[in-house]
Amino acid sequence: MPDGSLPNTQTLPDIDSYFRPTSNERARMGFVSAMRKHVLVEKQGEMKREYEDIAVPAYKAKTGHAPRNGDEAETAMDGRLVYSVYGALRYNAQEMVWASVQEPVERTLPDMISLAQKAAAENPTGGSLRLDPTLEVPRYVSALDVHLIPGCFHSEYTKDDVAQGAVVSFGGMVFSGALGWRQGLKGKYGAVGESVAHYIHSKYPDFKPKRILDMGTASGKNLMPYADTFPGAEIYGIDVAAPLLRFGHAKAEAAGLPIHFSQQNAETADFPDGYFDLIVSSFFFHEVPVKSTKVILKECHRLLAKGGIMAHMELPPRKSCTPYVNFFWDWDTLNNNEPAYSAFRASDPTVLSTEAGFKAGTCFELVIPNRATFGDDNFAKFVKGEMPPPPHGGGGWFIFGSVK
Ligand SMILES: C[S@@+](CC[C@H](N)C(=O)[O-])C[C@H]1O[C@@H](n2cnc3c(N)ncnc32)[C@H](O)[C@@H]1O
């Protein structure tokens with residue numbers, strides 16, 4: 001808590017404390033984290049060297065030019081052993097991420113569900129959970145296992161299920177190698193939310209949002225830092241996936257964060273016009289077809305009060321990356337059940353925002369530093385324009401948005 005101004009009732013245990021992997025399960029989770037890191041650093045490094053030293057010259061000899069975009073870079077790499085090994089290992093590591101946490105989640109699932117039920121019935125911290133069993137989950141979520149997560153985000157197998165929330169949350173720690181040793185500044189919040197909230201606060205010191213909305217919040221990991229940065233603001237998170245919302249609500253209530261979670265489609269949110277001063281999202285739009293992204297950005301424009309700020313963290317657009325980097329990022333479209341990813345990256349966030357009603361001169365696109373690794377002193381220099389940010393994915397995060 002920043003200054004003790006938020007209630008911290010401590011009447012509920014943290015739902016994370018119910019996750020008790022055995023030493024063997026822990027070892028498996030550690031192995032998967034290490035394997036992912038190996039693939040993304042060593043194997044990816046090998047692949048880049050082969051691209052530069054062999055694939056580009058071969059492609060040039062055949063076509064008369066070097067790959068001009070990510071698709072051509074992929075064509076240049078297609079069939080090369082190093083790319084096949086990289087892809088196979090990365091795909092398997094992705095499947096193993098979720099498998100590595102499933103057993104410990106299953107073992108304590110009844111206790112996690114009881115805790116989430118208690119949180120929803122009592123709301124000891126003053127947040128809320130509003131579910132809509134009639135909500136139609138959009139096909140871009142329901143038709144496939146996004147990120148290869150068995151059951152995706154929304155599936156429910158038992159009454160008041162939180163299993164997907166737990167699998168996504170604990171699997172996310174295995175994914176990022178954050179098994180208790182690197183989970184953001186506060187040890188439990190998302191690094192993206194910490195960084196974007198800190199950036200907005202530093203860049204616009206007089207901005208005091210009364211209400212904040214996170215779209216596609218999942219379990220609110222990257223929403224929770226806003227409660228620290230903007231104490232006193234009402235905090236809202238929406239998502240279509242009930243198990244993630246139940247899990248996040250239980251976590252927030254135990255942490256003393258009065259967050260209002262509701263199950264809604266961001267294309268048609270039920271809040272009144274101009275209700276929010278700050279609208280954010282993270283890792284959201286690349287999973288949404290561009291057609292729906294356009295609708296959601298119009299919703300952002302409708303929901304945002306005059307003078308309000310919209311800030312979305314996303315993958316960097318194709319226009320800002322080299323052909324190799326585009327080939328690297330777009331791997332997920334081809335292999336990770338994220339069909340909308342490449343089309344989002346091929347679009348222009350500022351054009352999408354202006355089409356949604358935001359004025360061109362008020363739109364921004366930039367990379368900001370990851371707060372935890374960059375440090376607050378350097379972050380302050382970055383905001384003053386005295387230090388460049390690290391690249392997206394290498395210690396920085398791409399964001400786009402607008403001041404309405
Ligand atoms: C990759 S997750 C983002 C997680 C979260 N923002 C974070 O930073 O950890 C994408 C989330 O968007 C949700 N989602 C997808 N389409 C949605 C829509 N139209 N409205 C609301 N939520 C949506 C999914 O259920 C999923 O939880």
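Could you say whether any residue in the range 257-267 is among the acidic types (Asp, Glu), under 29 Å from Val367 (Cβ atoms) and surrounded by fewer than 21 Cβ atoms within 10 Å (Cβ to Cβ)?
Yes: one or more hits.
Cβ contacts < 7 Å: first residue within 15 Å of Arg345 (Cβ to Cβ), restricted to the range 382-401; second residue aromatic (Phe, Trp, Tyr), any location; separation 6+ or different chain. Result?
His392/Phe398; Phe400/Phe364
Residues are listed down the side, and each one gets a yes or a no for (1) within 12 Å of the ligand (Cβ to nearest atom); (2) within 14 Å of Gly165 (Cβ to Cβ):
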| site | (1), (2) |
| --- | --- |
| Asp214 | yes, no |
| Asn222 | yes, no |
| Asp228 | no, no |
| Gly232 | no, no |
| Ile235 | no, no |
| Phe247 | yes, yes |
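Residues are listed down the side, and each one gets a yes or a no for (1) part of a helix (DSSP H, G or I); (2) surrounded by fewer than 18 Cβ atoms within 10 Å (Cβ to Cβ); (3) modelled with pLDDT of 95 or more:
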{"site": "Pro57", "(1), (2), (3)": "yes, yes, yes"}
{"site": "Lys60", "(1), (2), (3)": "yes, yes, yes"}
{"site": "His65", "(1), (2), (3)": "no, yes, yes"}
{"site": "Thr75", "(1), (2), (3)": "yes, yes, yes"}
{"site": "Ala88", "(1), (2), (3)": "yes, yes, yes"}
{"site": "Glu95", "(1), (2), (3)": "yes, yes, yes"}
{"site": "Ser100", "(1), (2), (3)": "yes, no, yes"}
{"site": "Lys118", "(1), (2), (3)": "yes, yes, yes"}
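With respect to Thr333, determine if the residue is assigned to a helix (DSSP H, G or I), out of contact with any His (no Cβ under 6 Å at 6 or more places or on another chain) and modelled with pLDDT of 95 or more.
no
Pull up the range 249-267, narrow it to residues that are within 14 Å of the ligand (Cβ to nearest atom) and charged (D, E, K, R), then point me to the one that is modelled with the lowest pLDDT.
Selected residue: Lys251.
Search the range 268-294 for residues that are among the basic types (Lys, Arg) and pair each with any residue that is surrounded by 19 or more Cβ atoms within 10 Å (Cβ to Cβ) when their beta-carbon atoms are under 9 Å apart and the residues are at least 6 apart or on different chains.
Lys294/Leu352; Lys294/Ala356
For the range 210-233, which positions are among the basic types (Lys, Arg) and outside any loop (DSSP other than H, G, I, E, B)?
Within the range 210-233, Arg211 is the sole residue that qualifies.
Out of Phe398, Phe358, I need the residue that is closer than 16 Å to Ser320 by Cβ, touching a His at 6+ places or on another chain (Cβ under 8 Å) and buried (at least 19 other Cβ atoms within 10 Å of the Cβ). Which one?
Of the residues listed, the single one that is closer than 16 Å to Ser320 by Cβ, touching a His at 6+ places or on another chain (Cβ under 8 Å) and buried (at least 19 other Cβ atoms within 10 Å of the Cβ) is Phe398.
Name the residue, out of Ala121, Ala166, Ala116, that is free of Cβ contacts under 8 Å to residues at least 40 places away in the same chain and more than 12 Å from the ligand (Cβ to nearest atom).
Ala121
Report whether or not Asp14 is out of contact with any strand residue (DSSP E or B) (no Cβ under 6 Å at 6 or more places or on another chain) and at pLDDT 95 or above.
Considered against the rule, which asks whether it is out of contact with any strand residue (DSSP E or B) (no Cβ under 6 Å at 6 or more places or on another chain) and at pLDDT 95 or above, Asp14 comes out as no.
Here is a check on your reading of the model: is Phe261 on the phi < 0 side of the Ramachandran plot and part of a loop (DSSP other than H, G, I, E, B)?
no
Output the residue which, of all residues in the range 268-305 that are assigned to a strand (DSSP E or B) and either β-branched (Val, Ile, Thr) or crowded, with 19+ Cβ neighbours inside 10 Å (or both), is farthest from the ligand (Cβ to nearest atom).
Step by step, filter the range 268-305, then rank; the result is Asp277.
Does at least one position in the range 143-150 carry a residue that is small (Gly, Ala, Ser), out of contact with any Lys or Arg (no Cβ under 9 Å at 6 or more places or on another chain), at pLDDT below 90 and surrounded by fewer than 16 Cβ atoms within 10 Å (Cβ to Cβ)?
no
The values are calculated or read from the model by the stated rules, or taken from the named source; none is laboratory data. Quantities reported herein were computed from a predicted structural model and do not represent experimental measurements. Using ideal geometry, Cβ is built from the backbone for each residue, glycine included, and neighbour counts are taken over all protein chains shown.
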